[in-house]
Amino acid sequence: AYVFVPTAFTPNNDGLNDFIAPIAVGMQRINYFSIYNRWGQLVFTTTVNGRGWDGRINGVIQTTGVFVWMVSAVDYTGKPYFQKGTVALIR
């Protein structure tokens, strides 16, 4: 069981890598997938596998930067799963 999260995305509406989303394999459920800016402000959260962030905060397009993500899930055996990392927003 694993949750894959890309390391970068380019939300420029070209249809390629326009949002960042968790891809859960072998998971019963995702408790949360959350993204934070460099000041620790929560900018996006979801519990839906494959639902992602489009690089906007309150409708405002964000500039190039690095964001922190965290995911909490439960695998197919019922074991808790936690992972964190960073993602680069590239404009």
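The values are calculated or read from the model by the stated rules, or taken from the named source; none is laboratory data. A quick note: this is a predicted structure, and the numbers were derived from the prediction, not measured. Using ideal geometry, Cβ is built from the backbone for each residue, glycine included, and neighbour counts are taken over all protein chains shown. What goes into the accessible areas is simple: the full protein's heavy atoms, side chains included, and nothing from ligands, DNA or RNA. Shrake-Rupley method; radii C 1.70, N 1.55, O 1.52, S 1.80 Å.
Observations on the model:
- Strands (runs of 3 or more DSSP E) wholly inside the range 1-40 that include at least 2 residues being more than 14 Å from Lys84 (Cα to Cα): 27-36
- Subset of the range 5-20 [surrounded by fewer than 19 Cβ atoms within 10 Å (Cβ to Cβ) and not polar (S, T, N, Q)]: Pro6, Ala8, Asp14, Gly15, Leu16, Asp18, Phe19
- Scope the range 57-84; condition assigned to a strand (DSSP E or B), open to solvent by less than 60 Å² (accessible area, probe 1.4 Å) and more than 28 Å from Met27 (Cα to Cα); matching residues: Ile57, Gly65
- Unmet requirement for Gly50, which otherwise passes all of (1) farther than 15 Å from Ala88 by Cα; (2) of a type in the set (Gly, Ala, Ser); (3) at pLDDT 95 or above: (3)
- Residues in the range 24-56 that are under 9 Å from the mean Cα position of the chain (by Cα), of a type in the set (Val, Ile, Thr) and open to solvent by 30 Å² or more (accessible area, probe 1.4 Å): Thr45 alone.
- For Arg91, the requirement of being open to solvent by 70 Å² or more (accessible area, probe 1.4 Å) and either small (Gly, Ala, Ser) or part of a loop (DSSP other than H, G, I, E, B) (or both) is met.
- Count - residues of the range 1-23 that are touching a residue at least 60 places away in the same chain (Cβ under 8 Å), under 12 Å from the mean Cα position of the chain (by Cα) and under 23 Å from Asn58 (Cα atoms): 6
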